[in-house]
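J.: A single structure is presented below for examination.
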Amino acid sequence: MTSSRTVGVIGAGPAGLTAAYDLARQGVQVEVFEAGAKVGGMAGSFPLWGQMVDYGPHRFFSTDDRVNRVWREVIGDEYDMVDRLTRIYYRRTFFDYPLKALNALKGLGLVEAFRCVGSYGWQRLFPDKDESTFEGWVSNRFGKRLFSIFFKSYSEKLWGISCRDLDADFAAQRIKRFSLSEAIKTALLGARTVRHKTLVDQFAYPVGGSGDLYDTMARRLRDAGGRLHLSTPVRRVTFDADGRPRIELPSGEVRPFDHVISSMPLTALVAGLNPPAEVAACAARLRYRNTILAYLEIEGTGLFPDQWIYVHSPDLRTGRITNFRNWVPSLCGKSPNSIVCLEYWCNDDDALWSTADGDIAALARREMAATGLTGGAPILNAHIVRVGKSYPVYGHGYRQNLAPVEAFLSGFPRLHAIGRYGAFKYNNQDHSILMGVLAAENIMAATEGAAPRHDLWLVNTDTDYQEAARVTDTGLEKTTG
């Protein structure tokens with residue numbers, strides 16, 4: 001059945017494209033406006049030197065049945081299961097990730113291990129009273145010394161602020177209930193029975209790269225009658241006298257819709273709505289971090305076995321190194337070489353953001369060689385990609401600024417802010433896909449005169465949206481507690 005309802009979607013990343021795809025399949029007239037030249041956002045893929053690469057490492061896993069069903073419906077059987085290997089690199093030593101207590105203490109050496117255990121014991125006796133900061137939250141669970149080694153340097157590279165100024169929400173979402181005592185208990189007791197591989201050990205990955213999912217979704221969106229406008233940025237969202245949203249393009253053209261789904265940066269969306277002064281001030285205090293991706297083509301294969309490595313050494317500026325040779329063989333084509341990607345993070349006003357590509361390439365070459373991971377193999381080529389506003393910064397107390405913005409936007413029932421940028425949430429792609437699914441469900445409910453079914457602001461918080469299911473090599477599998 002064809003609906004007379006129209007929906008404009010800003011952004012063709014995982015959240016926006018999923019919502020558009022879902023609505024178009026149900027007969028809604030959908031138009032998507034994407035500022036970039038391709039779909040998928042940071043989860044997209046592109047060809048390089050005869051191979052296929054992603055914008056950094058993007059594995060897929062979810063325990064939410066709705067997310068997995070969308071993923072499997074779109075990708076079909078065109079995926080492989082990948083055995084995950086990621087480690088931490090710290091001063092030319094590798095440590096297991098997720099952290100394993102005995103491995104970490106062994107790698108640090110006997111003297112440093114005793115210091116770390118002593119530091120943990122001291123922290124248990126005299127914990128930080130303030131757990132609202134990343135430093136306080138992590139230190140109370142691992143001790144100050146392990147915090148300094150395994151959390152401080154990487155986190156400050158990523159966010160560009162002191163861990164004392166980083167909100168504990170980041171730790172609560174990414175580390176959850178894990179602690180040193182829990183790690184030691186697991187290491188000493190071990191597993192009593194052999195279990196299937198968990199989602200931490202293995203993940204699903206499209207044979208054509210992470211972006212293959214979104215390229216396929218875009219084709220099906222068009223097949224269902226949806227319209228996709230690439231290289232078409234949006235200036236702002238406005239409303240007519242009847243409360244209907246309109247998308248305004250840089251040319252001044254205005255497109256009216258019954259609903260608008262926005263995954264443009266939340267700060268830009270709010271600024272275009274002429275908010276009250278106090279809301280505008282709160283939005284202005286929300287900040288995003290930029291990413292610079294330095295791709296290097298290195299002669300030969302077998303450089304290192306990890307899909308990616310977290311770089312915690314404070315003497316290196318890069319924070320993460322991805323080896324695309326270790327994902328699925330289909331990415332590499334017939335190339336005899338390896339492609340690695342070094343990630344650098346910075347703000348708009350940091351010197352690195354305006355540094356010439358050639359200089360960034362030279363930095364990446366030096367740092368890759370310094371790790372010893374190349375084994376002396378020649379670095380053949382370099383390619384630089386810049387991604388602006390890629391991470392919402394969870395500065396200490398950021399919720400105090402975000403809450404008034406959320407309340408302001410909640411006053412526009414026909415406007416739906418979703419995605420990592422659009423909702424100012426540090427989403428994985430499964431969170432963003434879920435946001436797209438739930439936004440589509442809210443809009444379909446509205447077409448029937450019903451109230452919204454979901455509070456989109458609660459996705460990727462402590463609220464549990466998860467249903468027991470996962471993707472395996474044979475398809476979807478229900479799981480138990």
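Each value in this text was obtained by applying a stated rule to the coordinates, not by laboratory testing. Quick caveat, the model's predicted, so the values are computed rather than measured. Cβ: placed from backbone, ideal geometry, glycine included. Neighbour counts: every protein chain shown.
J.: Within 15 Å, Cβ to Cβ, of Gln51, how many net charges do the neighbouring residues add up to if Lys/Arg are +1 and Asp/Glu are -1?
T.: Values: positive: Arg325, Lys334; negative: Asp54, Asp212, Glu297, Glu299.
That works out to -2.
J.: Each residue of the range 10-19 in order: what ³J(HN,Hα) in whole Hz does its phi give by Karplus 6.51 cos²θ - 1.76 cosθ + 1.60, θ = phi - 60°, with x for Gly and Pro?
T.: So the Karplus estimates, Gly and Pro as x, are 9, x, 10, x, x, 6, x, 5, 4, 4 Hz.
J.: Non-local amide H neighbours of Phe424 (under 5 Å, H modeled in plane, Pro and chain starts lacking H): which ones?
T.: Leu266
J.: Related question: State the antiparallel share, in %, of DSSP beta bridges confined to the chain, rounding to the nearest 5. Numbers along the way, then the final one.
T.: Working: 54 of 73 bridges.
Given both bridge residues lie in the chain, the antiparallel proportion sits at roughly 75 percent.
J.: Spelling out what I want: for every residue of the range 74-84, take phi, set θ = phi - 60°, compute 6.51 cos²θ - 1.76 cosθ + 1.60 (Karplus), and round to whole Hz; glycine and proline get x.
T.: 7, 7, x, 9, 7, 8, 10, 8, 10, 6, 6
J.: Between the range 284-311 and the range 1-62, what is the separation of their alpha carbon centroids in Å?
T.: If we compute the Cα centre of each part, the gap is 23 Å.
J.: Based on Cβ point charges of +1 for Lys and Arg and -1 for Asp and Glu, what charge dipole magnitude is obtained for the range 76-159 about its Cα centre, in debye rounded to the nearest 20? Don't skip to the answer; put the middle values down first.
T.: Numbers: 14 positive and 11 negative charges, 135 e Å.
In total the dipole reaches around 640 debye.
J.: Separate question: Using +1 at the C-beta of Lys and Arg and -1 at the C-beta of Asp and Glu, which of Ile298, Val260, Pro336 has the Cα lying farthest in the positive direction of the dipole of the range 201-346?
T.: Positive-most Cα among the choices belongs to Val260.
J.: Report, by chain and number, residues whose modeled amide H sits under 5 Å from the one on Asn381, excluding near sequence neighbours (fewer than 5 apart, same chain).
T.: Hits under the 5 Å cutoff: Glu297.
J.: Would you work out which of Ala362, Leu456, Val7 lies farthest towards the positive end of the dipole of the chain, given +1 charges on the beta-carbon of Lys and Arg and -1 on that of Asp and Glu, about the Cα centre?
T.: Ala362
J.: Please report, in debye to the nearest 20, how large the charge dipole of the chain is about its Cα centre when each Lys and Arg carries +1 at its beta carbon and each Asp and Glu carries -1 there. Present the calculation step by step, with values, prior to reporting the outcome.
T.: Values: 56 positive and 53 negative charges, 215 e Å.
Dipole size: approximately 1040 debye.
J.: Add +1 for every Lys or Arg and -1 for every Asp or Glu among the other residues with Cβ under 10 Å from the Cβ of Pro314, and state the total.
T.: Working: positive: Arg91, Lys152, Lys157, Arg317; negative: Glu156, Asp315.
Charge balance near Pro314 sits at +2.
J.: Let me ask another. Along the charge dipole of the chain, pointing to its positive end and built from +1/-1 on Cβ of Lys, Arg, Asp and Glu, which listed residue (Gly27, Ser155, Ala101) has its Cα farthest out?
T.: Ala101
J.: I need the Kirkwood Rh of the range 1-64: take the reciprocal of the average 1/r across all distinct C-alpha pairs and report it in angstrom. Walk me through the numbers before you get to the answer.
T.: Numbers: mean 1/r = 0.0741 Å⁻¹.
Computed over Cα pairs of the range 1-64, the Kirkwood hydrodynamic radius comes out at 13.5 Å.
J.: To continue, here is another question. Suppose the Debye formula is applied to equal point scatterers at every Cα of the range 276-367; what is log10 I(q)/I(0) at q = 0.12, 0.15 Å⁻¹?
T.: These q points yield log10 I(q)/I(0) values of -0.50, -0.69.
J.: I would also like to ask the following. In Å³ and rounded to a whole number, note down the convex hull volume per residue for the Cα atoms of the chain. Mind showing how you got there, number by number?
T.: Details: hull volume 77.0 nm³, N = 481.
Cα-based convex hull of the chain, divided per residue, equals 160 Å³.
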